[in-house]
2 protein chains.
Amino acid sequence: MDTLETRELRYFVAVAEEQHFGRAAERLGMAQPPLSRAIQQLERRLGVCLLQRNRRGVRLTGAGEVLLHEGRAALDAAAAAARRTRRAGGADSPGGPRGRLVLAVKAAASHELLRKLLDAYAAEPGSAEIEVLLCGVGEQEELLRDGRADVALMHTPWNSLAGFDSEALATEGQVAVLPAGHPLAARETLSLADVRDVPDLPLARWPTHGTYAPGPGPEIHNQTQLAQLIALGRTVAVVPDSARSWLWAEHTAVPLTDAPPVVTHIAWPAHSRSLALAGLVRAAARL
Amino acid sequence: MDTLETRELRYFVAVAEEQHFGRAAERLGMAQPPLSRAIQQLERRLGVCLLQRNRRGVRLTGAGEVLLHEGRAALDAAAAAARRTRRAGGADSPGGPRGRLVLAVKAAASHELLRKLLDAYAAEPGSAEIEVLLCGVGEQEELLRDGRADVALMHTPWNSLAGFDSEALATEGQVAVLPAGHPLAARETLSLADVRDVPDLPLARWPTHGTYAPGPGPEIHNQTQLAQLIALGRTVAVVPDSARSWLWAEHTAVPLTDAPPVVTHIAWPAHSRSLALAGLVRAAARL
DNA sequence: GCCCTGTGATACCTGCCGGGTATCACCGCG
DNA sequence: CGCGGTGATACCCGGCAGGTATCACAGGGC
């Protein structure tokens, strides 16, 4: 039973994502006919119909959906193998110079915790160099999977820990951030229902995987935008306690009674075997 | 940044495992020179030295160790993609005919639980066909990773749940299985220390990944052997409560007070999105 | 009805590279 | 000092990945 080449997976994923041979070929930097042929060969070798060719583009079959998911995972794994091997390059003597670690953190989250973690780890004897990779919301999982990062700080319930090993580091509640002058800002506590149904303050919407869910609130993509919009009295946000550190004078934070608690985890690929990583996790567990 | 082809990974893993170009080439069904060249190209492309060539075979460098691990994972992912896609082949209409599920179970473990699970799931409306794949101890993880199975029953602490999603189904204690006539068989309970240090009954040794750890006990590879050796008064075994179902008249089971509890989990690849799998997990959770 | 546009499929050619055979360079060993 | 066994090198060849040109077909204007 012959095994799939990553080239074939790359091609298929491109076609499946673009839903269009021509655009996929362009993205891959090649002509369309060889792409067509490669996909046909792939279908023949798998003995499965992956795409439904219509006039006007293509659509995935059930098997195609499966291969899209599994193929992405396999491509990530191959990319991770290359990246991690390259980074391990210098350290030839086994057990000798421990490599650097790349730690993925959502930008502007967990200041405090991150600082404590880095300090605690740096104090350990023989600790490796830690490179902090700041990323967007939810990007940590992809970074870990494709090897751009070795370890990440993740925040449930926003991040999914599926497929990773992890250790919980801290739990915090959530607060509603309101314009200082707003009537609700005077309250001692609020419920989620309170902030969800304020007609003059629709909840801001973050992009998930590059697209925005439909809704009335403004579309934002960074914390500065959010802060400004709140200060202008245009929106309200629900954020973890620790976000209080970046609030403005024009903001008021009110604790939410029924918001799910936010748990910060340190997470890493389940099969990881790095000494440096083990040390970092140990340091984290002692916090 | 060019991506590794699975062909290259296959070659490297073979060489790394055999620690010998000639044998690796034979295993791959090719001649040695192209293999040599392929590995050199790989090293050049990664900019990393993977192998230390000695007279008398080769040894892995640190980077080579990394690539061996990561490469195996990537190869498993690619194999899984192919297998799962092939199996999804018939079901073309999305959401339509749900595919079969392959459930990996350690042979002869969890009779009772397995029976209940299969019955409960079969009673669900629209349940898929379940193929039970009996495997050796610890083999479930590999089967899930490379796509030969979709879901497995695993038993901690023997199986590692790292990298999988799982749900605990049942917990049980462990018992020592002794020859019926043995002095210890008269005891009400035993401790691990009791059975570990019986000079005339050395603990039997199971192979892990095909090799046996050194020790005084007999080397066994299936339960029948074990049962026979215990009946002959040559060894003692520590097994979960539920294993009592296959004991012989010549055996006596004595509860262990300090053995770690055995938890049976249902586990599946973290990124899985199959409807049928979701149904099975739901049925399992209701047990 | 017509052609025009844009889709994926086909035909055919070419150059590269993966793989084979023969051989070399090295080294430990009897 | 040959001999066996290691991986590396030299060289050749065939297949296949990729390119160009073109086709078949379906809509959509006019």
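Just a few scattered comments:
- Radius of gyration over Kirkwood radius for chain A, both on Cα atoms: the Rg/Rh ratio is 1.05.
- Extreme residue, positive dipole direction of the stretch B:121-217, given options B:169, B:125, B:182 (C-beta unit charges): B:182
- The stretch A:181-243-the stretch B:246-287 distance, computed between alpha-carbon centres (Å): 44
- Cα gyration tensor shape of the stretch B:174-255, rounded if a/c is under 1.5, else prolate or oblate by comparing a/b with b/c: prolate
- Placing pseudo-labels 7 Å out from each Cα toward the beta carbon at residue B:186 and residue A:168 gives an inter-label distance of 5.0 nm.
- Helical contribution to [θ] at 222 nm, DSSP H n ≥ 4, -39,500 (n - 2.57), averaged over chain B, rounded to 500: -11500 deg cm²/dmol
- Computed with a 1.4 Å probe over protein heavy atoms only, the accessible surface of the stretch B:174-255 comes to 53 Å² per residue.
- If a spin label sat at a point 7 angstrom from the Cα of residue A:257 along the line to its beta carbon, the backbone N atoms of the stretch A:172-214 nearer than 14 Å would be those of A:187-195.
- Simple spin-label estimate for residue A:19 and residue B:273 gives 1.4 nm between the two label positions (7 Å along the Cα-to-Cβ direction from each Cα).
- The value for the stretch B:158-216 of Rg(Cα) / (2.2 N^0.38 Å) is 1.52.
- Electrostatic dipole magnitude of the protein assembly as shown [Cβ: Lys, Arg +1; Asp, Glu -1; Cα centre; debye, to 20]: 1920
- Gaussian network model of chain B, springs between alpha carbon atoms under 10 Å - residue of B:220, B:266, B:130 with greatest fluctuation: B:220
- Working from Cα pairs under 8 Å separated by at least six residues, relative contact order for chain B is 20 percent.
- Looking at the stretch A:184-254, the trypsin sites (Lys or Arg not before Pro) that sit in a DSSP loop and have at most 16 other Cβ atoms within 10 Å of their own Cβ are A:187, A:234.
- Average beta-carbon neighbours from other chains, 10 Å sphere, peptide A:164-172: 1
- Cα-based reach from residue B:106 at 13 Å (exclusive), listing aspartates and glutamates while leaving out same-chain residues under 8 positions away: B:139, B:141, B:142
- Mean partner shielding of peptide A:58-70, defined as the number of other chain Cβ atoms within 10 Å of each residue Cβ, is 6.
- With a cut-off of 19 Å on the backbone N, the residues of the stretch A:39-75 near the modelled label site 7 Å out from residue A:135 along Cα-Cβ are A:69-75.
- A simple charge model with +1 on the Cβ of Lys and Arg, -1 on the Cβ of Asp and Glu and nothing else charged puts the dipole of the stretch B:174-255 at about 100 debye relative to its Cα centre.
- Taking the charge dipole of the protein assembly as shown about its Cα centre, with +1 at Lys and Arg Cβ atoms and -1 at Asp and Glu Cβ atoms, the residue from B:247, A:156, B:271 reaching farthest to the positive side is B:271.
- Cα shape, the stretch A:6-87, gyration tensor, a/c 1.5 rule: prolate
- Kirkwood Rh and Cα Rg combined as Rg over Rh, evaluated for the protein assembly as shown: 1.01
- Dipole moment magnitude, nearest 20 debye, chain A about Cα centre, only Lys, Arg, Asp, Glu C-beta charged: 1000
The values are calculated or read from the model by the stated rules, or taken from the named source; none is laboratory data. Fair warning: this is a prediction, and the values are worked out from it, not measured in the lab. Cβ: placed from backbone, ideal geometry, glycine included. Neighbour counts: every protein chain shown. Heads up: the accessible areas ignore ligands, DNA and RNA and are worked out on the full protein's heavy atoms, side chains in. Shrake-Rupley method; radii C 1.70, N 1.55, O 1.52, S 1.80 Å.
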